[in-house]
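Written below as structure tokens is the structure these notes are about.
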């Protein structure tokens with residue numbers, strides 16, 4: 001590649017990387033997951049907590065008032081029913097926008113966790 005072709009290729013790579021960082025920042029290599037493994041998407045509020053040995057872990061199911069960040073999960077088909085984090089977002093409005101974008105991309109419905117609607121402050 002020469003000149004303009006190289007610049008276009010670099011811009012395309014940067015755009016793809018930025019998209020992955022935004023939509024798939026919990027996925028390996030910021031790569032889009034295999035959507036067929038999921039039954040639906042879920043949007044939930046999360047906080048980071050620490051164990052006695054200072055290891056961090058994510059505690060989901062938080063209200064919007066308590067949440068430090070928001071996660072879009074892919075919910076696996078039953079009987080497993082567990083979930084996998086797809087992306088974390090700090091801003092609640094951006095979290096809704098990203099959840100909607102992932103729903104359009106994946107063809108899956110999004111459920112907003114009811115705990116987000118609780119109004120108890122920290």
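Only strands (runs of 3 or more DSSP E) wholly contained in region 14-81 count here; list those with 2 or more residues that are in contact (Cβ under 8 Å) with a residue 60 or more places away in the chain.
Working: elements: 38-50, 56-62, 69-76.
So the answer is 38-50.
Could you count how many residues in region 67-87 are modelled with pLDDT of 90 or more and touching a helix residue (DSSP H, G or I) at 6+ places or on another chain (Cβ under 9 Å)?
Looking only at that region, the number is 10.
Using beta carbons and a limit of 7 Å, which pairs, at least six apart or on different chains, have the first residue in region 99-122 and at negative phi and assigned to a helix (DSSP H, G or I) and the second one surrounded by fewer than 16 Cβ atoms within 10 Å (Cβ to Cβ) and modelled with pLDDT of 95 or more?
The qualifying pairs are 103/109; 106/35.
Look through 29, 34, 54 and report the one residue that is over 22 Å from residue 108 (Cβ atoms) and either at pLDDT 95 or above or out of contact with any strand residue (DSSP E or B) (no Cβ under 7 Å at 6 or more places or on another chain) (or both). Can you show your working first?
On the way: 29 fails: over 22 Å from residue 108 (Cβ atoms); 34 fails: over 22 Å from residue 108 (Cβ atoms).
It is 54.
Just one of the numbered conditions (1) modelled with pLDDT of 80 or more; (2) over 18 Å from residue 101 (Cα atoms) is not true of residue 3; which one?
The number of the failed condition is (1).
Within region 83-97, which residues are in a loop (DSSP other than H, G, I, E, B) and either more than 18 Å from residue 24 (Cα to Cα) or touching a residue at least 40 places away in the same chain (Cβ under 8 Å) (or both)? Step through it out loud before you land on a result.
Taking region 83-97 and keeping what is in a loop (DSSP other than H, G, I, E, B), we get 90-91.
Those that are in a loop (DSSP other than H, G, I, E, B) and either more than 18 Å from residue 24 (Cα to Cα) or touching a residue at least 40 places away in the same chain (Cβ under 8 Å) (or both): none in region 83-97.
For residue 48, are the conditions met, namely being exposed (fewer than 11 other Cβ atoms within 10 Å of the Cβ), closer than 28 Å to residue 119 by Cβ and at pLDDT 90 or above?
Numbers: exposed (fewer than 11 other Cβ atoms within 10 Å of the Cβ): yes; closer than 28 Å to residue 119 by Cβ: yes; at pLDDT 90 or above: yes.
So residue 48 passes the test.
For the structure I just gave you, tell me whether residue 61 is on the phi > 0 side of the Ramachandran plot and in contact with a helix residue (DSSP H, G or I) (Cβ under 9 Å, 6 or more places away or on another chain). If you could, list the steps in order and put the result at the bottom.
On the way: on the phi > 0 side of the Ramachandran plot: yes; in contact with a helix residue (DSSP H, G or I) (Cβ under 9 Å, 6 or more places away or on another chain): yes.
Considered against the rule, which asks whether it is on the phi > 0 side of the Ramachandran plot and in contact with a helix residue (DSSP H, G or I) (Cβ under 9 Å, 6 or more places away or on another chain), residue 61 comes out as yes.
The values are calculated or read from the model by the stated rules, or taken from the named source; none is laboratory data. On a predicted model such as this, the values are computed, not experimentally measured, just so you know. FYI the Cβ positions are ideal-geometry reconstructions off the backbone, even for glycines, and counts take in every protein chain you see.
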